[in-house]
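The values are calculated or read from the model by the stated rules, or taken from the named source; none is laboratory data. It should be emphasised that the depicted structure is a prediction, and the values quoted were computed from it without experimental measurement. Glycine gets a Cβ as well: all are built from the backbone with ideal geometry, and neighbour counts include every protein chain shown. Side chains included, ligands, DNA and RNA excluded: accessible areas come from the protein's heavy atoms. Shrake-Rupley method; radii C 1.70, N 1.55, O 1.52, S 1.80 Å.
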Amino acid sequence: MALTLEQVATLAGVSRSTVSRVVNDHPNVNAETREAVWGVIHEHGFHPNNAARTLASRRSQMIGLVIPQALSTVFSDPYFPILIQGIAAACEEQEYYLMLSLVRAQSPTTFRRLVGGGHLDGLIVASALATDPFVDRLLIENFPFVLIGRSLSEAPITTIDADNVHGATMATQHLLRLGYKRIATISGPQDMVAGMDRLEGFRVALRAAGTTPPPEYVQEGDWSEWSGQRGMSTLLSLASLPQAVFIASDAMAIGALKVIRSAGMQVPGDIALVSFDDIPLASSLETPLTTVRQPIHQLGYTAASVLIDRLRNSDRGGEATATRIVLPTELVVRASCGQQSRFATAQRQPDARDSHTRHIKGGMPQPEPVHG
């Protein structure tokens, strides 16, 4: 019969709390006592249950991931599975469990269940909203969390983000260098910081080129394939068709491709496309996407690693410090932008190198202290 925590304590000649400290690797236990407890544990095959460990250490070894997105978006956009894989990889290495919360509207009830129940040691909040009362509540409660995405708050928040503005600027500048004049965009949602930043990068590049897109050249999407279809349908209905479109996610670009083909048009012959994310499918489409690669797996892995390190540092009596970590993006050039066909006759004949994916890199990761 499996032993209880109390029975291990009796056999080892120590208190129940001492067994708990040994099991949770607490430093304030002498070597002789630790050896006696582990001897009983190994002899009888004792396996401490999570509830006992939580009561003793006040740690559940569990962190939560909150994604404030509709379920349909989370399960249809390849971005989120890759992000979750990165988070799960870090949790597995650090012996933490991961709980996933998919709730678009973070109500007070949701907050109490996630934070007030004592089930979670910390939270990762993905896809930061421009105005997020959930994050405000976490700050008020002083609950450990890491935000994936740039925060608009002046509070000292630890954030892990890709360089969205620079990536979108690179993408749009690439289209300008190819000679396109009428460039439109299907942006991400403007209530989310990543959507705002990618639209800003698009506008930065056009302003630097001395041009401003007409309002109808800016169509807002929600990261989903369907919204890419909707945005491209609107653009194709305009009297003055764009020559090229920067689309703020690969999923939306896939939707846009379907609409263009159903209209009897070709990419890049009739309309060139550049998108953002570089999901695995981007390179295997009939017309491979030129896209901005963001390190999605690394975003998740870094967020979980930073949060777990913060939790362990606080256990050791260390003070938590907020940082901003920005991971680099790079432009991956493939067929959808029309680079090979536009330069083949104007500048040079294509050679063997033209068949390969080409990369234009952005900056390096930049951890910065946050002063707040």
Any residue in region 163-182 that's closer than 9 Å to Arg198 by Cβ: show its pairings with residues that are in a loop (DSSP other than H, G, I, E, B) and among the polar types (S, T, N, Q) at Cβ separation under 9 Å, as long as the two are six or more apart or on different chains.
Asn164/Gln294; Asn164/Thr329; Gly167/Gln294; Gly167/Thr329; Ala168/Thr329
Quick one: what pairs do we get from region 232-243, first residue under 13 Å from Ala272 (Cβ atoms), second exposed (fewer than 13 other Cβ atoms within 10 Å of the Cβ), C-beta under 8 Å, 6+ apart or different chains?
Gln243/Lys181
Where residues in region 202-219 are outside any loop (DSSP other than H, G, I, E, B) and open to solvent by 70 Å² or more (accessible area, probe 1.4 Å), which of them is nearest to Leu299 (Cα to Cα)?
Arg203
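Scan region 187-201 for residues that are part of a helix (DSSP H, G or I), in contact (Cβ under 8 Å) with a residue 40 or more places away in the chain and not basic (Lys, Arg) and report the count.
6
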Sole exception among (1) within 20 Å of the chain's Cα centre (by Cα); (2) under 13 Å from Phe202 (Cα atoms) for Thr185, by number:
(1)
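Of all residues in region 156-178, which are of a type outside the set (Val, Ile, Thr) and open to solvent by 30 Å² or more (accessible area, probe 1.4 Å)?
Restricting attention to region 156-178, the residues satisfying the condition of being of a type outside the set (Val, Ile, Thr) are 156, 161-164, 166-168, 170-171, 173-178.
Across region 156-178, the qualifying residues are Pro156, Asp163, His166, Gln173, Leu176, Arg177.
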